[in-house]
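Engineer: Can you keep this structure in mind? I'll have questions shortly.
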Amino acid sequence: MTLTLYNTLTRQKDVFEPIDPQNVRMYVCGPTVYDYAHIGNARPVIVFDVLFRLLRHVYGADHVTYVRNITDVDDKINARALRDHPDLPLNEAIARVTAETARQYQDDVAALGCLAPTVEPRATEHIGAMVEMIEKLVASGHAYVAEGHVLFDVPSMQDYGGLSRRSLDEMQAGARVEVAPYKKDAMDFVLWKPSGAEEPGWESPWGRGRPGWHIECSAMSWKHLGEVFDIHGGGIDLQFPHHENEIAQSRCSHGTSVMANYWVHNGFLQVEGEKMSKSLGNFVTIHELLADWPGEALRLNMLRTHYRQPIDWTVKGLEESVKALDAWYDLVREETGEGAEPDPEVLAALGDDLNTPRAIAALHGLRADAKGGRGARSRLKASAALLGLLPETADDWFARRDLGADIDADAVEALIAARAAARKDRDFAEADRIRDDLDAMGVAIMDGPTGTTWEPKR
RNA sequence: GGCCACGUGGCGGAGUGGUGACGCAGCGGACUGCAAAUCCGUAUACCCCGGUUCGAUUCCGGGCGUGGCCUCCA
């Protein structure tokens, strides 16, 4: 099959051709672990999980390396550590914050049905690689030391700005930042900064200090994927400056003409039509959503919009997602999908720049067939698996879905029996009254040819 | 202020230079004592103004609107 991806470098859909089909390599920027991840953070995780699954399908599960880092050096982490554990030594406090937050994050994304990445490197484990890269940059004249800082010399790179398509002139014209006095150029960014006694730090040729944010991803991608790799992903907001600076660091350090061949960026997320922010009070974490919705519904809701489009996150959308999953699970039932080939249209849709809405439409299209036979049901299951959907049995899904319901089953059965008697006597007023009582209890009943069944109201 | 993206029916959301997306909701019908669920059927759209074209929702220009980046931010 052909896979095309919209490449931010070329601003068009490019046919994907890996450097080495035996080892397809993808890097995605992961979280900074200082607090629960919000639903906007979940978007790249889910989107690139689908891409990971598709690559595994095309090249083989053992021929794809997916690296998603954990940033555990950051001033926000320090602040959090001081706030939450003021009585502990700083290093220990930081370790607690990052360990706990990383665990929360991994629980969250697992609940969203995401496969674990091949490698989940931590910044603190790659300080040596960062120092090594920075030394090379200083030696080659792309970085300089000033007042204990090491800064990347942006004008030293002729084609800086290629990813975001900004010229240096443009950026300087629009710059609003206050320029630190030790910078040679306003655009220069920090590779290494000195740490005070109250800050985490590592010994380096430039004294005790800590890395700048951008160098972390350059070092981790280098160590796990090499100097040049296939796909680099992340949110569109990271395009500038983070990804631009990663490119500058990696290319100038390694002397390569590209860092990654395909740069893939997902669009932004809004909540109920508004920008998500703490001040608006619509800031919503994955963790909170998982208390009210199955993770799979969050996942489907995310994939109903193409990854490059802006997405508006709404309760209504989540309700529709649950309904779609109900319908699919109801058909799939005990199918495992084993041995079944995914639907060609689903595959074609995903191969077309990860067109998940089109793939989901194809899944709906399989519903009619799936009513007919096991083969089609199995194909539905196998097709959904490419999107990371329908991983459970139908029983587990419906049990999970109805989790919130707290209903006395014996009482329900007694009322249903009473209603059956009333119906037999053709006392429909009484039968309807009982149904209203059940409805008030949150129970929906269905009269079928084999009797009356019930379930928690949806 | 500079750069960029987006604007499709009641809602969500693909796509295309000239035929049906799809889903949810709605409406009609079947089934039901009546409902629910299910099944069958069905109406409604391409922000505005120009241009190119035999023909534009689709291409080009302008406008308006929404959002993003330029500063930590997914």
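Engineer: Within segment A:308-321, does at least one residue satisfy the condition of being within 6 Å of RNA strand B (Cβ to nearest atom), in a loop (DSSP other than H, G, I, E, B) and crowded, with 16+ Cβ neighbours inside 10 Å?
Structural biologist: No, the conditions are met nowhere in segment A:308-321.
Engineer: Also: Kindly list the number of the only condition in (1) in contact with an Asp or Glu (Cβ under 8 Å, 6 or more places away or on another chain); (2) under 30 Å from A:N266 (Cβ atoms) that fails for A:A385.
Structural biologist: Condition (1) is where A:A385 drops out.
Engineer: While we're on this one: Quick check on segment A:274-294. Is at least one of its residues over 23 Å from A:Y36 (Cβ atoms), open to solvent by 10 Å² or more (accessible area, probe 1.4 Å) and either more than 10 Å from RNA strand B (Cβ to nearest atom) or acidic (D, E) (or both)?
Structural biologist: No: segment A:274-294 contains no residue that is over 23 Å from A:Y36 (Cβ atoms), open to solvent by 10 Å² or more (accessible area, probe 1.4 Å) and either more than 10 Å from RNA strand B (Cβ to nearest atom) or acidic (D, E) (or both).
Engineer: Determine, yes or no, whether A:A431 is of a type outside the set (D, E, K, R) and within 9 Å of RNA strand B (Cβ to nearest atom).
Structural biologist: yes
Engineer: Could you check segment A:1-65 for strands (runs of 3 or more DSSP E) lying wholly inside it with 3 or more residues that are touching a residue at least 40 places away in the same chain (Cβ under 8 Å) and buried (at least 21 other Cβ atoms within 10 Å of the Cβ)?
Structural biologist: Once the strands (runs of 3 or more DSSP E) in segment A:1-65 are filtered for at least 3 residues that are touching a residue at least 40 places away in the same chain (Cβ under 8 Å) and buried (at least 21 other Cβ atoms within 10 Å of the Cβ), what remains is A:24-28.
Engineer: Given the structure, is A:S250 small (G, A, S), out of contact with any Asp or Glu (no Cβ under 6 Å at 6 or more places or on another chain), more than 10 Å from RNA strand B (Cβ to nearest atom) and assigned to a loop (DSSP other than H, G, I, E, B)?
Structural biologist: When the stated conditions are applied, A:S250 does not pass them.
Engineer: List every residue pair whose Cβ atoms sit under 8 Å apart, with the two residues 6 or more apart in sequence or on different chains, where the first one lies in segment A:412-429 and is farther than 13 Å from A:G451 by Cβ and the second, anywhere, is open to solvent by less than 60 Å² (accessible area, probe 1.4 Å) and not acidic (D, E).
Structural biologist: Close Cβ pairs satisfying both conditions: A:V412/A:L438; A:V412/A:V443; A:L415/A:I434; A:L415/A:L438; A:A418/A:I434; A:A422/A:A431; A:A422/A:I434; A:F428/A:A422.
Engineer: Let me ask you something else. Across segment A:271-297, what is the number of residues that are out of contact with any Lys or Arg (no Cβ under 7 Å at 6 or more places or on another chain) and part of a loop (DSSP other than H, G, I, E, B)?
Structural biologist: Kept after step one, since they are out of contact with any Lys or Arg (no Cβ under 7 Å at 6 or more places or on another chain), are these residues of segment A:271-297: A:271-293, A:295-297.
Now drop any that are not part of a loop (DSSP other than H, G, I, E, B), which leaves A:272-273, A:276-284, A:293.
Total meeting the criteria: 12.
Engineer: Which of the residues belonging to segment A:399-426 are out of contact with any Lys or Arg (no Cβ under 9 Å at 6 or more places or on another chain) and near RNA strand B (Cβ under 9 Å from one of its atoms)?
Structural biologist: A:R423, A:R426
Engineer: Could you please find all residues in segment A:56-78 being out of contact with any Phe, Trp or Tyr (no Cβ under 8 Å at 6 or more places or on another chain) and of a type in the set (A, V, I, L, M)?
Structural biologist: Listed by number, the residues that qualify are A:V58, A:A61, A:V73.
Engineer: If you don't mind, there's one more thing I want to ask. Only residues that are under 30 Å from A:A291 (Cα atoms) and in a loop (DSSP other than H, G, I, E, B): list them for segment A:412-434, please.
Structural biologist: none
Engineer: Here's a follow-up. Considering only segment A:96-140, how many residues are surrounded by fewer than 15 Cβ atoms within 10 Å (Cβ to Cβ), hydrophobic (A, V, I, L, M, F, W, C) and within 20 Å of A:K223 (Cβ to Cβ)?
Structural biologist: Of the residues in that region, 2 qualify.
Engineer: So which of A:W213, A:W202 ends up being within 16 Å of RNA strand B (Cβ to nearest atom), touching a helix residue (DSSP H, G or I) at 6+ places or on another chain (Cβ under 8 Å) and among the aromatic types (F, W, Y)?
Structural biologist: Every option except A:W213 fails the conditions.
Engineer: Turning to a different aspect of this structure: Is there a residue being at pLDDT 90 or above, touching a strand residue (DSSP E or B) at 6+ places or on another chain (Cβ under 9 Å) and loosely packed, with under 14 Cβ neighbours inside 10 Å anywhere in segment A:441-452? I'd like the intermediate steps shown before the answer.
Structural biologist: Our first condition is that a residue be at pLDDT 90 or above; within segment A:441-452, this holds for none.
For segment A:441-452, residues at pLDDT 90 or above, touching a strand residue (DSSP E or B) at 6+ places or on another chain (Cβ under 9 Å) and loosely packed, with under 14 Cβ neighbours inside 10 Å: absent.
Engineer: What is the number of the single condition among (1) part of a loop (DSSP other than H, G, I, E, B); (2) under 16 Å from A:W397 (Cβ atoms); (3) near RNA strand B (Cβ under 10 Å from one of its atoms) that A:E334 does not meet?
Structural biologist: (3)
Results for (1) in contact with a strand residue (DSSP E or B) (Cβ under 9 Å, 6 or more places away or on another chain); (2) within 14 Å of RNA strand B (Cβ to nearest atom); (3) at pLDDT 95 or above, shown as yes or no for each residue.
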position: A:V47; (1), (2), (3): yes, yes, yes
position: A:F52; (1), (2), (3): yes, no, yes
position: A:H57; (1), (2), (3): no, no, yes
position: A:T65; (1), (2), (3): yes, no, yes
position: A:R68; (1), (2), (3): yes, yes, yes
position: A:R80; (1), (2), (3): no, yes, no
position: A:P86; (1), (2), (3): no, no, no
position: A:R103; (1), (2), (3): no, no, yes
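Engineer: Restricting attention to segment A:218-242, and to residues there that are assigned to a helix (DSSP H, G or I) and modelled with pLDDT of 95 or more, which single residue is surrounded by the fewest Cβ atoms within 10 Å (Cβ to Cβ)?
Structural biologist: A:K223
Engineer: So which of A:R419, A:R377 ends up being in contact with a helix residue (DSSP H, G or I) (Cβ under 6 Å, 6 or more places away or on another chain), of a type in the set (K, R) and under 16 Å from A:W328 (Cβ atoms)?
Structural biologist: A:R377
The values are calculated or read from the model by the stated rules, or taken from the named source; none is laboratory data. Worth saying up front: this structure is predicted, and the values here are computed from it rather than measured. Cβ sites come from the backbone with ideal geometry, for glycine too, and all protein chains shown count toward neighbours. What goes into the accessible areas is simple: the full protein's heavy atoms, side chains included, and nothing from ligands, DNA or RNA. Shrake-Rupley method; radii C 1.70, N 1.55, O 1.52, S 1.80 Å.
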